[in-house]
Amino acid sequence: MIEDKERKTGKELLMIAIKTIIFGILVYSFYISQDSYADHWTFYKENPRIKSLALAIFVFLGPSLMISVLRLVIIYWYIRKHKFKSNIKDNFILGINRIVSILNTVFLVVAFTTLWNVKIEELVFSVSIVAAALAVTFKDYIGNMINGLIIMFSDRLSLGDHIRIGEHEGKILDITLINMILQNEDSDMVIIPNSLAFSSVIINQSKQNTKKLSIEFEMSLTNGYTPEYLEKHLNKVITSYSDNVVEEGLTVKTIAINKDVVIFKVMILLKRYDKVKEREIRRAINTALIRLSAVLKDKDANPQVENTEDNPLIKIQS
């Protein structure tokens, strides 16, 4: 979850108050325009277009005001239940906001039909035909919207979570009706369609008690480095990061042994997600691995160097 500094409860209450005042004025104007008051107030009779406009605004503001109040009550209940800050923003609140936006769009369309005196029967028939055509033409977009709403109301992913989808990894900044927006380690914005995120395997590192840092690398078979030695060597490298790394949380696994190289994978368990420290640890590991490769070159250039247990070069016996 992340805090949404742009969303303030005061502004929401102000907008509801403005809608209520306008709606109240419209209700009063329609009331005094009835036959019993026609002799005193004939403005709508003299200006039928303004009456149609006022009726359209009335049709939009009525349900929109009700939905706004209901939305505020639900969000207030949700925040109180989970003891969040008043300006918190998470998936549930995001999903409610998206649904309210869709409903307001529907209310606006109905208001326009009222303004142009379109009959309900004609509207339903036209909308059915248009909806069928749109469902075929924009099925991918509709699928993205449905998947986006499912993701918003899911407790598996939250705004601010650090996740990995395929080759992309980063923090969830926003979830729209079409895309999921990530921020990777290079602070680049990665936009992933909701349908892809919904159908892909997602690793949510923020839901774990610890954060995993993995580095995959290759070593030539002629180096002769063993996983045990690499673990021992790299554990010495990260001793200065003991506050961020779980004790004995570094392991080296052999992924594959090919004709000329061995593929290793370093797994480091971190106590918390810290992008700066993670970058420093990754750099320290990469530097140590580069220096290990440089030792082999020194050995080849100087054959008199002894190959002992303390020497980082362990030659494979042919």
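Annotations
- Failed item in (1) within 20 Å of Ser154 (Cβ to Cβ); (2) of a type in the set (A, V, I, L, M, F, W, C); (3) crowded, with 18+ Cβ neighbours inside 10 Å, with Phe84 passing the rest: (3)
- Single unsatisfied condition, Phe43 versus (1) modelled with pLDDT under 85; (2) of a type in the set (Phe, Trp, Tyr); (3) surrounded by fewer than 11 Cβ atoms within 10 Å (Cβ to Cβ): (3)
- Residue identified as in a helix (DSSP H, G or I), under 27 Å from Ile290 (Cα atoms) and either hydroxyl-bearing (Ser, Thr, Tyr) or open to solvent by 20 Å² or more (accessible area, probe 1.4 Å) (or both) among Glu248, Glu228: Glu228
- Selection from region 58-110 of residues that are hydroxyl-bearing (Ser, Thr, Tyr) and in a helix (DSSP H, G or I): Ser64, Ser68, Tyr76, Tyr78, Ser101, Thr105
- Among the residues of region 254-295, those identified as among the hydrophobic types (A, V, I, L, M, F, W, C) and in a helix (DSSP H, G or I) are Val276, Ile281, Ala284, Ile285, Ala288, Leu289, Ile290, Leu292, Ala294, Val295.
- Applying the criterion of being among the basic types (Lys, Arg) and free of Cβ contacts under 8 Å to residues at least 40 places away in the same chain to the residues of region 136-185, the residue that is surrounded by the fewest Cβ atoms within 10 Å (Cβ to Cβ) is Lys139.
- Any hit, region 192-209, residues being under 31 Å from the mean Cα position of the chain (by Cα), open to solvent by less than 40 Å² (accessible area, probe 1.4 Å) and more than 30 Å from Met145 (Cβ to Cβ): no
The values are calculated or read from the model by the stated rules, or taken from the named source; none is laboratory data. Note that the structure is predicted; figures quoted are calculated from it, not measured. Counting neighbours? That spans all protein chains shown, and the Cβs are built from the backbone with ideal geometry, glycine included. Accessible surface areas use protein heavy atoms only, side chains included; no ligands, DNA or RNA. Shrake-Rupley method; radii C 1.70, N 1.55, O 1.52, S 1.80 Å.
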